[in-house]
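The values are calculated or read from the model by the stated rules, or taken from the named source; none is laboratory data. What you see is a predicted model; the values in this text were computed from it and never measured. Because the Cβ atoms are built from the backbone with ideal geometry, glycine has one as well, and the counts that use them run over all protein chains shown. The area values use the complete protein model at the heavy-atom level, side chains included, leaving out ligands, DNA and RNA. Shrake-Rupley method; radii C 1.70, N 1.55, O 1.52, S 1.80 Å.
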Amino acid sequence: MANRRIDEPTGTETVGHEWDGIEELNTPLPRWWLWTFYLTIIFSVGYIIAYPAWPLVNKGTKGVLGWTSRGQLAEEVTAADLAQVSVREALARTPIERLPEDSELMAQAVAGGRAAFKVNCSQCHGSGAAGSQRLGYPNLNDDDWLWGGDPRAIEFTLVHGIRQAGDDETRFSTMPPFAGAFEPAQLDALITHVLSLSGKGQANPVGAQTFADNCAACHGAAGEGSRELGAPRLNDAIWLRGSSREDLRNQILNPRMGVMPKWEGRLDPVTIRMLTAYVHSLGGGEDFVEVAADPAIDVDAQP
């Protein structure tokens, strides 16, 4: 049996153990510590009663409050879904021409469009929308737009696609192949003239005449292009298929023209509108102020 005694200097009972003449005192714990310990026990009992905490064979206790982490998550997801529904309803009600006027709704549309772009568009245009000259996918960050860069024009392109078979309203333009149409010297002069339109070559009278006879009807006398015809600008130093002499030679002789699928029927109208907002926000989007400057154009009309 342990040899317990009262330690005379402290008046505290020993625990009865001794190691090399050293004895351990049975000093009681501080009251505040004891009460804290008792409160933790009371709290744990209350927690087990109120919340699911005690594991059983197949599931845990439910708790009298009926709270579960799954239930809380479901409530938060439901709230997020309702908020999303509210945004989508607002986007559906707002004419595309008026969307930029609501900065908050526009920001939400851009965020949704960014996610939709990664899923549906980045495979061709790239994750940063920079496109690919090698493959002929347009860069959506610049301000070069074949059919217009305001939100309405972008949305129309997304809905109907480009050269989409089976859609009568699809964006469509074609350039005839000129293989065999020019003598080698005449073709070289034409390429030099086309490069000169964007300051990358010297003016060439033979090339200028060839251009006027064969190209100006679509691309314009100064290479300004035509949105009505879908003819690209040649005087802005922005090239879809490359800007080397060999690139231009290939495009003149055997032009390559890409196809973009129409997204009507694949994506719902609100998602298409979100994509429109995102593409417009990339940096090259055009303002409706430019369109509305012409009183004959109703910005709320279809393109």
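Numbers below:
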| quantity | calculated |
| --- | --- |
| Residue among 207, 166, 149 with the largest mean-square fluctuation in a Gaussian network model of the chain, springs linking Cα atoms under 10 Å | 166 |
| MRE, 222 nm, helices only [DSSP H, n ≥ 4, -39500 (n - 2.57), over the chain, to nearest 500] | -13500 deg cm²/dmol |
| Phi to ³J(HN,Hα) by Karplus 6.51 cos²θ - 1.76 cosθ + 1.60 over the stretch 208-214, Hz, x for Gly, Pro | 5, 5, 4, 5, 4, 6, 10 |
| Phi-based couplings in Hz for the stretch 115-121 (Karplus 6.51, -1.76, 1.60; Gly and Pro marked x) | 5, 5, 5, 4, 7, 10, 10 |
| Counting all C-alpha pairs of the stretch 1-140, share separated by more than 22 Å (%) | 73 |
| Accessible-area value, residue 7, 1.4 Å probe, nucleic acids and ligands omitted, Å² | 30 |
| Residue 7 long-range amide H proximity, modeled H, under 5 Å | 12, 13, 14 |
| Compactness relative to 2.2 N^0.38 Å, alpha carbon Rg of the chain | 1.92 |
| Peptide ranges 254-266, 272-284 listed from the most packed, as the mean C-beta count within 10 angstrom indicates | 272-284, 254-266 |
| ³J(HN,Hα) computed for each position of the stretch 55-62 - Karplus, 6.51 cos²θ - 1.76 cosθ + 1.60, integer Hz, glycine/proline x | x, 10, 5, 9, 7, x, 5, 7 |
| Lysines whose Cα lies under 28 Å from that of residue 118, excluding same-chain neighbours fewer than 8 positions away | 262 |
